[in-house]
Every structure is written in structure tokens, then in C-alpha cells.
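Quick notes on the structure that follows.
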Amino acid sequence: MAFPIPSGTFSDEEDVLAWATDDFGRTTTLPRPLGVVRPDSVDDISTLLRFAGEHDIPVVPRAEGHSTAGQAQAPDGIVLDLRGFNTVHHIAGDRVMVEAGARWSQVLEATLPLGTTPPVLTDYMDLSVGGTLSVGGISGATHRHGLQTDNVVELDAVTPAGAVVTCSPEANPGLFDALRAGRGRQGVITRATLRLVPAHTHARRFRLHYDDLGTFLTDQRTLMTEGRFHHLQGQAKPEPDGTWTHRIDAVAYFTPPTTPEQQRLLAGLVDHRDTLEISDSTYHGFQNRMATDVKLLRTLGLWQGPHPWLNLLLPDHAAEQVLTEALATLTPAGIGQAGVVLIYPVPRSRIHTPQFRLPDTPIAFLFSVLRSTPPHDTPALQTALESNHHLRQQTTAAGGTVYLGDIHA
Ligand SMILES: Cc1cc2nc3c(=O)[nH]c(=O)nc-3n(C[C@H](O)[C@H](O)[C@H](O)COP(=O)(O)OP(=O)(O)OC[C@H]3O[C@@H](n4cnc5c(N)ncnc54)[C@H](O)[C@@H]3O)c2cc1C
């Protein structure tokens, strides 16, 4: 079938279809798309969506493909590759206008020289603006600023019927709410105007260590509620003897000569103070903190292997029990060489994205089991997926929700 696109390109070549049937997760075996369209203009996108709508062909937008369960794939449809739509257009004081295919790293490179930053940046910066606005975009800054989707001023989009529209909380709020965390199925975001805040030049990270899960969660709640730090995350780490230890990564931004007030920031916390680690970096270096690990994982071939990731949001009252049971089933081998387990609190009051599903409690805990399995080890991948299924069931039975879940299930 010929696809009418005024100026972009259509491809159904084998390597292009293989690219469009793959993602960071490498856990799915969905059918291939009919083809991939690389648009040159909003008109291309509008024409394609109108035509596809008339012929009942699904169109799925895609940018960096860092989905882990086929969310950016279009079985028997068209994948709309937005990576070329990546200009950072216009920075004016407290806002920046960017095309949806721009990566957050590009946005920060453009705003930081002007002393501003998006308030919420994902752990990994080479995700696209459109890709994270289509899911939520959660981070260590969420306890202060909400999700990335809560920091959008305006969106330009093309609706599934092909209409070119602009929407915001004031103009067409229904569409604005449908697009944010709309998982690419409510229209194609072409451009976003994002909120900016003043940026500090440096970041001081306090790494606090705990043996006990309950104490770790209590201190996280305290830090979240009091908003002492700019960035708050935590991890669980498996120890060789089969137990788990926990750590809080709490980060205060600063601009010398002023420095963070350690005594006030750490007052009343019950971590193992003798193992406290403190390190400084530039603000940019902190936001780009995954870069070195990613380089190493790429060299080891682990970045390219399967990532059966699971992201859950646990209601506060059930968090400790679900985590205790879940961690008892997880092993270093099961998480994988490059695996990480994240645990950190999210206050409901900061989140204003209707489509982002949270447990019905004032505080939720993000519980992310970010596993990797060796390339081509199908039994290991299968075991990881089964474990994820079990953890998902436990979580939903306890009133929790799933973030970044499988859109094709
Ligand atoms: C290493 C790594 C670190 C991560 N860290 C975080 C984190 O800290 N916080 C967090 O919240 N998430 C995180 N994620 C998850 C990530 O935010 C999502 O998977 C995100 O959707 C990926 O963006 P992408 O550009 O790769 O999008 P893609 O995988 O290309 O697309 C993702 C979804 O967005 C839709 N989409 C893409 N572009 C558009 C558009 N222009 N208009 C409408 N829909 C669109 C697609 O259809 C699809 O449903 C991480 C993922 C990885 C792999």
C-alpha cells in the first residue's frame, strides 16, 4: 500500500522493520509493522494519521525506543519515527519550546547556559520529551515538583483524526489531559512548551546506609514530607549472604560559595552515620550520572541485552510488607549483573496528571526492579518475566499500580 506523505519518507525495508520491532526491553515478540514513516513536517503527520484512520491502520509514535514492553511498536501498523523532530526552539525565561523528538539531554544543554533547568529530569537523559510525556516521567525531584507531565505549559499535537491542535490547561484541557501519560495512543505530540526553574551549578549527594527496611522507609517519608533535599531516591542492594541492605541518595543543589547545611539536612535520621558517603559534582554531571555506567554496559554488551523491567507503585500502608515479600524472592542472579532495585516515595499531592495511575493513598513508593538477563538466555528471561508477573499480582492485590506496563496485554 502506498502511503501519502507530502515530504517525509516511508520505508518497509527489512532493517528498518527490524529496528521498529525492537526496543530497549527486548522482551516481546510482536508482529512487525507494515512500515516506518519519518515525517518532515506536521503536515506529513496529519496526512498520515488521516489516511491511516480511513483505512483502520494503527499508527504508533516512537522516538528513542527505550520502552521495555513494546509500547512504541505497531504490530501490522505504522511506526512514526519522530527522532528527526528534535529542535530546541525557543527559551524565554521560565519556559522552553521543544520538538517532541528532542532528548532531555539536548534540552538541558540548551537551558543550562542560561541558568535554567527543567525541574524534573529522568535518571537517564537520552529519552525523548515526547516519550516521557507519554508515560509520566518520574524522578528524585518528583517529591517536590511532580512528574514531567506536571511541568508542561502547552502541547502542540496531531489528533488521531489528523487535526493539528494546541492544548494547555486553559485551551482544550481535555486533550491536554489525554495526551499527558496517554502512551502515544491519544494523538502525536509534536511540540511541548516546558516549565523551567533556576538551576544551581553544583550538587552534593549524601548516601545514607540502612540494614533495616522499615527504618529506611521511615527516613524516606521524613525527607519527602519535609522536602529537605532537591532530589530523593533510594535503592535496595542484595548482599552475598542473601540479605538486603538499603541506601538513600539525597541530593542538595548549591551554588558556591554557599554550601548545603549538613547538620540541618541530616537531623533526626537514623542511618548508619559512620558509613555516610558525601560527594560533590556539577549540576550537569549529576543529571548525567548514568553516562559512565551506560558506556561500561555498552562495552560489556549488557546494554544491548534483554531488560525485563518492572515498575510498581505501592500504597504506603502495604509498602513494607510487599517489599519484604518481594525482596525475599529476588536474588543477585535474578536481577542480573546490571540490575538495580529502586525504592523511593512519591507524594500524591504533587501529581496532577489524570492518566498517571497511583495508589489511592497520600504516599506511594516507587518499586522498580530493573533487571537484565544475558543475551540469548531464553530460560533466564522467562524466569524474570514470570517473577514480574507474580510481583505485579501481589502489588495490585495490595492496592498498588503498575507504571510503564504492557500496552499490548
Ligand atoms: C535507561 C532508562 C532509564 C529510564 N529512567 C526513567 C526515569 O528515571 N523515570 C521515568 O519515568 N522513566 C524512565 N524510563 C522509562 C522511560 O521514561 C519510558 O520508557 C519512555 O517512554 C521512553 O522514552 P523514549 O523516547 O525512548 O520513547 P519510546 O520508547 O520511543 O516511546 C515510548 C512511548 O511514548 C509514545 N511516544 C513517543 N513519542 C511520542 C510523541 N511524540 N507523541 C505521543 N506519544 C509518543 C510511544 O508511542 C510509546 O508509547 C527509563 C528508561 C530507560 C531505558
Share (percent) of C-alpha pair distances in the range 88-198 greater than 24 Å works out to 16
Asserting the computed 222 nm helical MRE of the chain (DSSP H runs at least 4 long, -39500 (n - 2.57) per run, divided by residue count, to nearest 500) equals -8000 deg cm²/dmol
In nanometres, the difference between 0.36 nm per residue of separation and the alpha-carbon distance of THR166 and ASP15 is 50.9 nm
Diffing the range 189-197: the Karplus 3J(HN,Hα) column from phi (6.51, -1.76, 1.60, θ = phi - 60°), in whole Hz with x for Gly and Pro, holds 6, 9, 8, 10, 9, 10, 6, 10, 10
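Can you classify the range 4-92 as rounded, prolate or oblate using the Cα gyration tensor, where a ≥ b ≥ c are the square roots of its eigenvalues, rounded means a/c under 1.5, and otherwise it's prolate if a/b beats b/c and oblate if not?
Values: a/c = 1.92, a/b = 1.19, b/c = 1.62.
Judged from the Cα gyration tensor, the range 4-92 comes out oblate (a/c at least 1.5, b/c at or above a/b).
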Phi angles of the range 317-323, converted by Karplus (6.51 cos²θ - 1.76 cosθ + 1.60, θ = phi - 60°) into ³J(HN,Hα) in whole Hz with x for Gly and Pro, give 5, 9, 4, 5, 5, 5, 5
Given the candidates LEU155, SER41, GLY405, the one whose Cα lies deepest towards the positive end of the charge dipole of the chain, counting +1 at each Lys or Arg C-beta and -1 at each Asp or Glu C-beta, is LEU155
Whole-Hz Karplus couplings 3J(HN,Hα) for the range 373-382, θ = phi - 60° and coefficients 6.51, -1.76, 1.60, Gly and Pro as x, run 10, x, x, 6, 9, 4, x, 5, 5, 4
Taking Cα pairs closer than 8 Å and at least 6 residues apart, the relative contact order of the chain in percent is 15
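How much of the pair distance distribution for the chain lies past 38 Å, counting alpha-carbon pairs only, in percent? If you can, show how the numbers build up before the last one.
Details: 16493 of 83436 pairs.
Tail fraction, whole percent: 20.
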Zone reached by a paramagnetic label modelled 7 Å from SER41 Cα along Cα→Cβ, restricted to the range 146-169 with backbone N below 17 Å, covers 157-158, 162-165
Whole-Å distance linking the alpha carbon centroid of the range 41-59 with that of the range 102-131 is 29
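If you stretched the chain out fully between GLU386 and THR299, how much longer would it get, using 0.36 nm times the residue separation minus the C-alpha to C-alpha distance? Kindly include the intermediate steps, with their values, before the conclusion.
Working: separation 87, 0.36 × 87 = 31.32 nm, distance 2.86 nm.
Answer, rounded to one decimal: 28.5 nm.
Take the chain, mark every one of the GluC sites (Glu not before Pro) that falls in a DSSP loop and has at most 10 other Cβ within 10 Å, then report the longest stretch left between them, sites excluded.
By the stated rule (loop sites, at most 10 other Cβ atoms within 10 Å), 171-409.
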In nanometres, the difference between 0.36 nm per residue of separation and the alpha-carbon distance of ASP76 and ASP126 is 15.2 nm
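Quick note: the coordinates plus some simple rules give every number you see, no bench work behind them. Owing to the predicted nature of the structure, the values given are computational and were not obtained by experimental measurement. We place every Cβ from the backbone using ideal geometry, glycine too, and count neighbours over all the protein chains shown.
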